[in-house]
Amino acid sequence: MLCVFRLIGCLAFLTGYLLPSTSVFAAMCSGNSCTGLFADSTCTASAGSTAFTIYSAYVEPRQSTVCMAQWTRVTNKASSARWTAGSTRYGGLYYNSYHQSVQSSGEIATNQAVYTPMVGNDGGVGVISAVGCGEVNTSQMMLPIGSTRPDLSVYCSDAW
Amino acid sequence: MKISLKAIAYTLVVAALFLVGAGIKFTQRLSTPTNTTTEQRALFQELVVQAESIEPTVAPTNSILPSETAQPGDPVDPGKDLKRGSLLNTASIQPFIKPDQEQVVNDARVSISTITREDTRAFVNLCMELAGNQEKLDFGTLYIDYPGGRTDSFFVHEAEGINTNERCLTLEFVGIPTDTPSQNWKLTMEWLGFAVPDEGTECSAYLRRAAARDLFKQQGIQFTCDSVSGQPEIRITKKPDALMEAQAAEIINRTVNGIITGPWVFNPVLK
C-alpha cells in the first residue's frame, strides 16, 4: 500500500512539472527582455497615445502593462496593396537615438497591418518616452520611418 | 466507509507533490525569458540613464487658437496641423453626437453625425454596423472634400454607440483652413472592413473569419496561417484549378480582412 502511494506521489509530481503552463499565467517576456521581440497574445495589448491616419497609413501606438512594453501598429488603409512600414522611436533629444522598425516584405493588402518589435522597460510602460511612426507607399521605404527628427515628423505620433 | 487518517494523509501528500511540481515549472517559465540578447538589455540600460536626463523639446499643444502662422485664406498643411496634437479634449464637441444620416451599402450601415468645426479641425461621429456580424468593424479609405481641398488625415477616438452591434468613432479631421465655407462638403468612405486582430491572434482570427464565410464551400479555397516574425503568413493549400494564385490570394485577403466595398457618401450638415 505504501509503495502504491509513493508511486502515485512520484507520478503526481512529474505530471505537475511536465504539464505545460498556460499562457494565461505567464507573459512571453517582461520589461527590458521584451525589447526587440514581437508581441504575442500573452502581452494583452491596449492603445497607447491617440491613433491617427496620415496619407492612408493608420498609425496606432500600442502598449502592454503585462509585458511592460510599447510598440507601434501600422495598417494599410489605402484602397489597394501598399508597402507598409512602422518604427517605434526612442532615446535622445528628438526620439531619434534608437528604433524598433518593421517593413512588410512586399505590398500588403488593404486593411492589413504590420507591427514593430517592442520597446520594453523594467520600470513599466511609459518610463521610456517613445513615438510611434508609420507610412504606406507604392515602393519600399527607408527605415526608420520619421527620418532624422521623429519629434517633428508628420508620420509620427505624440510621445507616450 | 471508514477512511483512515493514514489514507487522508497520503492523499494530501500526493496533492502537495503535484502542486510543487507545477509550481517549479511555473517559476522556471517566469524567470527564463525567450529570445533575448544580452546586448539588447545592456543597450537598454544605457538608454534608461540617458532618457532620465532628457526632456523632449516639442510638446503638443491643446490650444484651440489657430496655429501661430496661419492667416485667413492660407492653406493649412495637414501634416503640420497633425503635429499640434488632438484638440478633442478642449473642443466644444459633445462627448457623443447622435448620428443623423445613414446609408446602407452591401448590407453595411454607416451613419454620421453633424460635423462640428473648430479651429482647423472637423469633428464627426461615424458608426458602422453589419447585419449578422460578430467581428469588430473598422473604417476604410475615408476623406472629406470641402470647397478648395480635401483632407484624409485625422485622429481616431473611440466613441460609444447606441446599438450594441455597431462600432462608433469620433474622427477629428485636420488641416482645414479656418475660412473654408461650411457648404458643399462631402464625406466619403470607400470601403470598410474588420478591425485588425490583436497581436498574436491574427491566424486564429483569419481562420475563424474564413470559416464563418464558408470560404472552402463557397470558393473552393483553403489556406494555412503561421506567425512569422510577428506577422501572419498565409499559404494557399487548395484552390480551383481555374483560379490563379494571385486571384485566390486576393479572395483570401478580402475574406479575412472583411472588406466590404462602398462607397458611402454623405453631404454632412455643419455647425
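The values are calculated or read from the model by the stated rules, or taken from the named source; none is laboratory data. Just so we're clear, the structure is a prediction, and the values are computed from it rather than from any experiment. In this analysis, Cβ positions are derived from the backbone assuming ideal geometry, glycine residues included, and neighbour counts consider all displayed protein chains. Side chains included, ligands, DNA and RNA excluded: accessible areas come from the protein's heavy atoms. Shrake-Rupley method; radii C 1.70, N 1.55, O 1.52, S 1.80 Å.
What's the ranking of A:48-61, B:100-113 by average number of surrounding C-beta atoms within 10 Å, highest first? Don't skip to the end; give the middle numbers.
Details: A:48-61: 23.4, B:100-113: 17.2.
Final packing ranking: A:48-61, B:100-113.
Per residue, the Cα convex hull of the stretch B:174-222 amounts to 137 Å³.
Report D for the stretch B:114-271 in µm² per second (integer): Stokes-Einstein, Kirkwood Rh on Cα pairs, 25 °C, 0.890 mPa s.
On the way: Rh = 17.8 Å.
Approximately 138 µm²/s, per Stokes-Einstein.
Going down the list B:Lys98/B:Lys271; B:Lys136/B:Lys238; B:Lys80/B:Lys136; B:Lys186/B:Lys271; A:Lys77/B:Lys186, which pairs span over 26 Å between their C-alpha atoms? It would help to have the intermediate numbers written out before the result.
Working: B:Lys98/B:Lys271 14 Å; B:Lys136/B:Lys238 28 Å; B:Lys80/B:Lys136 31 Å; B:Lys186/B:Lys271 14 Å; A:Lys77/B:Lys186 19 Å.
Over 26 Å apart, Cα to Cα: B:Lys136/B:Lys238; B:Lys80/B:Lys136.
Contact order, relative form, for the stretch A:70-160: 35 percent (alpha carbon pairs under 8 Å, 6 or more residues apart, mean separation divided by residue count).
Give me the percent of Cα-Cα pairs in the stretch B:216-271 that sit more than 18 Å apart, rounded to a whole number. Could the numbers behind the result be given before it?
Working: 741 of 1540 pairs.
Of all Cα-Cα distances in the stretch B:216-271, 48 percent exceed 18 Å.
Let me know the shape class of the stretch A:95-160, please: from the alpha-carbon gyration tensor, a ≥ b ≥ c as square roots of the eigenvalues, rounded when a/c is under 1.5, otherwise prolate if a/b is greater than b/c, or oblate. The shape class here is prolate.
Count the net charge of all other residues whose Cβ sits under 14 Å from the Cβ of B:Lys271, scoring Lys and Arg as +1 and Asp and Glu as -1. Net local charge, B:Lys271 excluded: +1. With protein chains left intact and a 1.4 Å probe, residues in the stretch B:180-271 average 52 Å² of accessible area per residue.
Classify the stretch A:14-160 as rounded, prolate or oblate from the Cα gyration tensor: take a ≥ b ≥ c as the square roots of its eigenvalues, call it rounded if a/c is under 1.5, otherwise prolate when a/b beats b/c and oblate if not.
Oblate shape, in that a/c is at least 1.5 and b/c is the bigger or equal ratio.
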